[in-house]
Amino acid sequence: MTNQLPDYLLVEDQNTLNEFCQQAQCSSVLALDTEFVRTRTLYSELGLLQAFDGKTLVLIDPLADLDLEPFWQLLTAPNIVKVLHSCHEDLEVFKYYANRLPKPLFDTQIAGQFLFHGKVLGFGAAVLQELGVELDKGEARTNWIKRPLSEKQLSYAANDVKYLLPLYHSLNEKLQAQCLTEYNLAEAKFKVEAKQKEKDLDLLYLDFGNAWQLKPRELEILQSLCSWRLAVAQKKNLALGFVAKDATLFAVAQRRPNDLNSLKNIPGVNPHEIRIHGKAMLACVESAKQTPIEQCPEKVPRLTDYSTYKQGFKQLKQLISKVAEQSGIPIEMLATKKQLNQWIKWHWQLPNATEPDFKTSWRQPLLQKSLDLWGSKFPAQND
């Protein structure tokens, strides 16, 4: 079957793009992929767009003088299922460049997780397993914004959608046979909706897994540093770590330096960061020190500090495992460790607890009885 698929068409002019988009509007399924470069930048630099509607496989050059709006419109066409593999970074590209996200979406990696007990397969591994084709990944590190692209590079990019469509059909048949189609599409939709939400810029300090170690004043300093770093990164289109590393921000928040000398004496802080951003970081520290203590963030709780957490987590997982067994949904897809902890924090009304996935996704009707039962045994904590 794969040997009969057409060769790619490199799209560098508007007429060819428009013709493909008009044709694709009549398709029921569209395979998509993106190639980009993201080494030192905050935002991905888009180098190529790949699409295959089952008839024509196109490689669209976004660096050519093209109006991509006809292509972006395909992303939200309700009659076309958009197929991607491991869509997280592609969604970021679409959000940044198109200001829209693909709907409805079928992610072949998510489908594989439903089918294979949560196992995460890369695209090459999935194609080999399902189609018996071994892909050449030799061009994975290509600089996609450098021109011209070689035929080998273009063929590599084409393969990403050439085999994505038959992979979709193979996985979709298995999902239908196991009555998992609805859940698979719902999970992909949930991922898209999560990507659409804007990040709360007042809670950037919560991205630090060790934030529980800090006192409220130190958390205020960390938040001030995070806000400053993000602003610099956005202005200069620099990856956050190339402005200042996480470890630097955490150490500065913990040590609360008053001047450049005390900043230089903090172990692990890169002299390069101090030379370029030392004064700005000190200004963040000073500003945060002026914040009234009652306006500083609450101390970040650590679940393991609660006496009933270990038992509560174990029983919650047991209850949800029963639902997974009864529904035929892998426990790995129904409830990750992160989602279990998310629910416990929210139910116990701990500081900065966010609304859990169990309440905002397709999981809610499946899990509600079990969650209510668990909640009656493990009420909100006061210790």
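The values are calculated or read from the model by the stated rules, or taken from the named source; none is laboratory data. Remember, predicted model here, so these are calculated numbers, not experimental data. Positions of Cβ are backbone-derived with ideal geometry, glycine not excepted, and every protein chain shown enters the neighbour counts.
Some points to look at:
- Any hit, segment 180-192, residues being surrounded by 15 or more Cβ atoms within 10 Å (Cβ to Cβ), at pLDDT 95 or above, under 22 Å from the mean Cα position of the chain (by Cα) and closer than 22 Å to Glu286 by Cβ: no
- Unique residue being of a type in the set (Gly, Ala, Ser) and either crowded, with 22+ Cβ neighbours inside 10 Å or farther than 25 Å from Glu139 by Cβ (or both) when the list is Ala64, Ala77: Ala77
- Filter result (out of contact with any helix residue (DSSP H, G or I) (no Cβ under 6 Å at 6 or more places or on another chain), closer than 19 Å to Lys162 by Cβ and either touching a residue at least 60 places away in the same chain (Cβ under 8 Å) or of a type in the set (Phe, Trp, Tyr) (or both)) within segment 82-105: Cys87
- Flag for Ala158 being in contact (Cβ under 8 Å) with a residue 24 or more places away in the chain and under 22 Å from Leu282 (Cβ atoms): no
- Across segment 130-146, the qualifying residues are those that are exposed (fewer than 15 other Cβ atoms within 10 Å of the Cβ) and not small (Gly, Ala, Ser), and the one among them that is nearest to the chain's Cα centre (by Cα) is Arg141.
- For segment 135-170, the set of residues classified as of a type in the set (D, E, K, R), in a loop (DSSP other than H, G, I, E, B) and at pLDDT 95 or above consists of Lys146, Arg147, listed by residue number.
- Restricting Lys195, Lys235, Lys174 to residues that are in a helix (DSSP H, G or I) and within 30 Å of Gln326 (Cβ to Cβ) narrows the list to Lys174.
- Selected residue (only one of Val269, Val232, Val300, Val285 is modelled with pLDDT of 95 or more, buried (at least 19 other Cβ atoms within 10 Å of the Cβ) and farther than 30 Å from Arg363 by Cβ): Val285
- Enumeration of residues in segment 301-346 that are among the hydroxyl-bearing types (Ser, Thr, Tyr) and in contact with an Asp or Glu (Cβ under 8 Å, 6 or more places away or on another chain): Tyr306, Ser307
- Qualifying positions in segment 151-194 - aromatic (Phe, Trp, Tyr) and closer than 21 Å to Phe123 by Cβ: Tyr156, Tyr163, Tyr168
- For segment 327-380, the helices (runs of 4 or more DSSP H) that sit wholly inside it and include 2 or more residues that are free of Cβ contacts under 8 Å to residues at least 12 places away in the same chain and out of contact with any strand residue (DSSP E or B) (no Cβ under 7 Å at 6 or more places or on another chain) are 337-347, 363-377.
- Among the residues making up segment 303-326, a single one is farther than 22 Å from Phe190 by Cβ, of a type in the set (Gly, Ala, Ser) and either surrounded by 11 or more Cβ atoms within 10 Å (Cβ to Cβ) or touching a strand residue (DSSP E or B) at 6+ places or on another chain (Cβ under 6 Å) (or both): Gly312.
- Checking Lys245, Lys289 one by one, the residue that is touching a residue at least 40 places away in the same chain (Cβ under 8 Å) and of a type in the set (D, E, K, R) is Lys289 and no other.
- All positions within segment 193-213 that are surrounded by 13 or more Cβ atoms within 10 Å (Cβ to Cβ) and either of a type in the set (Lys, Arg) or more than 17 Å from Glu355 (Cβ to Cβ) (or both): Lys195, Leu204, Tyr205, Phe208, Ala211, Trp212, Gln213
- Scanning segment 44-93 for residues that are among the acidic types (Asp, Glu) and outside any strand (DSSP E or B) returns Asp53, Asp61, Asp65, Asp67, Glu69, Glu89, Asp90, Glu92.
- Lone unmet requirement of (1) touching a Leu at 6+ places or on another chain (Cβ under 6 Å); (2) exposed (fewer than 12 other Cβ atoms within 10 Å of the Cβ); (3) not aromatic (Phe, Trp, Tyr) for Glu151: (1)
- Subset of segment 25-55 [more than 22 Å from Leu171 (Cα to Cα) and more than 23 Å from the chain's Cα centre (by Cα)]: Gln25, Cys26
- Conditions (1) under 17 Å from Asp90 (Cβ atoms); (2) free of Cβ contacts under 8 Å to residues at least 60 places away in the same chain; (3) not β-branched (Val, Ile, Thr): number failed by Glu187: (2)
- Subset of segment 80-108 that is among the polar types (S, T, N, Q) and surrounded by fewer than 18 Cβ atoms within 10 Å (Cβ to Cβ) - its residue that is nearest to Ser28 (Cα to Cα): Ser86
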